[in-house]
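Working notes, beginning with the structure itself.
Readers should treat all values here as calculations from the given coordinates under stated rules, not as data from a laboratory. Just so we're clear, the structure is a prediction, and the values are computed from it rather than from any experiment. Every residue, glycine as well, gets a Cβ built from its backbone with ideal geometry; the counts of neighbours run over all protein chains shown.
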Amino acid sequence: MDYRKSIQESLDYIEDNLKTPITATELCEQAGYSLFHYYRLFQSAVGMSVMQYILRRRLIHAIYEIRCGCKRIDVILEYGFDTYAGFYKAFRREFDCTPSTYIKKGRAKRPYKLNLYKEDYMVSHKKALDVLKHWKLENESISDVYHESNGEKSNRAFYVGKNFVLKFSKNDDEVKNAIALCNAIKGAGVCISSPIETTDGRAYVQDGELFFYVTRRISGTQMIAHDFYEGDYAAKARFVGEIIGQLHLILCQAKTSVNDVNLYESVKNWALPKSKDILSLSESFCRGYLNEFGKLYDKLPKQIIHRDPNPSNIIVSQNEWGFIDFELSEKNLRIYDPCYAAVAILSESFDEKDQAKLSNWLEIYRNILWGYDSVVKLTNEECVALPYVVMADQLVSTAWFSEQNKYTELFETNKRMTQWLITIFDELKFD
């Protein structure tokens, strides 16, 4: 019997009844297990105890409603806390920060329902410490990783003390590729999160369905999208383009194999058909887009790319810069990375009513490309293809987000972004 079905039913029940008392006894009776067996099944499936999970969901829902403007005392009483002091203490224990700090850092997102058949990563701090025994790091402190640019909590990594990061994935090829690529470019002039072997010499360990590995933590700070609109944003954008170009020169020399992706075929066979109705795209636009992109595609240079150079994955310090998270690296169009970096900045700051900001973003986009071109000379075909690659990225993002229940806000943002980018398509060309 697939016990996940019973646990999923428990998760759905918990989500629908967070404002009423819920006991573990009630849940185990509904699931048809003994209390002891239910505790073990729930811990195994979700990564934490059932009562901790219920508390966490109440805290997440409550902080979101407070962020949305609901009266604080009314919210905490509805979710079963007798006083704000009780809520405050529980919140600090669970998230290691105050409720106000959590909101200020943009972490109070709309909660989404968990689906055990779709969720890839559900690892508790306790589980992480147990895995870290393979590196003799089990006595280090564990803390959650948050992307500073958007406040999102990473669901695939923990900080370990001050110097290490524990990463995990269900995809062993993803883990192997990231480790191999980081090792291949180590010492080549770019700061990367170097993998650390276990005490018995393994690059990673498997525990259940997940594959774990440890890397060194790069010193410095993550770049933040909103910072690009302040001060000399042109210089900041050119810097991003330049370092992506320098990374590409290094990746060209990497002696390792990665997935070879055909972006045009992905758009033609999946992303565009999926997004066509979502975005109300006309037949003439779709035909014209595929026809022109198809003519250009085979003429465009391909190489190993980072694939996810959003601001959070670029680390800068006073004298150095580096990249993290090579799990998605692949062989693809080289101009995908600078286009992705520019669109990622737009995604984290998009407001279709702020025309001044949109105009600034166009300058950010152009300066990223100028910086990239100064290091990796763009071909004539690449200059023409840039709007098609930007649109390909957006069609892929829109199609993917449309299938993810937990990213409804990002889906709506990307939908509006794509529609706006279509209106300025010709301005995305590079002269």
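Assuming R0 = 30 Å, can you tell me the calculated FRET efficiency for the pair residue 262 and residue 170, based on Cβ-Cβ distance, to the nearest 0.05?
Efficiency, rounded to the nearest 0.05: 0.80.
Calculate, in whole percent, how much of the Cα-Cα pair population of region 3-104 lies beyond 17 Å.
I get 53 percent for the Cα pairs in region 3-104 exceeding 17 Å.
Can you sort 168, 350 so the residue with the fewest Cβ neighbours within 10 Å comes first?
Fewest to most other Cβ atoms nearby, the residues stand as 350, 168.
What's the long-distance tail for region 125-217, i.e. % of Cα pairs beyond 22 Å?
25 percent
About its Cα centre, what dipole magnitude does the chain give when the only charges are +1 on Lys and Arg Cβ and -1 on Asp and Glu Cβ, stated in debye to the nearest 20?
Rounded to the nearest 20 debye, it is 720 debye.
May I ask you to derive the relative contact order of region 1-141, considering only C-alpha pairs under 8 Å and at least 6 residues apart, and to give it as an integer percent?
Dividing the mean separation by the residue count of region 1-141 yields 25 percent.
GNM, the chain, Cα, under 10 Å: largest mean-square fluctuation among 306, 37, 248?
37
What FRET efficiency would be calculated for the residue pair residue 320, residue 227, taking the C-beta separation as r and a Förster radius of 22 Å, to the nearest 0.05?
0.80
What helices in the chain pass both tests, a Cα length along the helix axis of 27 Å or more and a mean Kyte hydropathy of -1.0 or higher, using whole DSSP H runs?
Counting only whole DSSP H runs, the qualifying helices are 233-252, 355-375, 380-401.
Give the value in nm², to one decimal: projected area of the alpha carbon convex hull of the chain, averaged over all directions.
In nm², the orientation-averaged hull projection of the chain is 22.8.
Under a GNM of the chain (C-alpha, springs under 10 Å), which listed residue has the highest mean-square fluctuation: 368, 73, 224?
It is 73.
So between residue 419 and residue 405, what do we pick up on full extension, going 0.36 nm a residue minus the alpha carbon distance?
That pair, residue 419 and residue 405, stretches by 2.9 nm at full extension.
Report the residues of region 236-264 in range of a label on residue 377: point 7 Å along Cα→C-beta, backbone N strictly under 17 Å from it.
It comes to 245-246, 249, nothing else.
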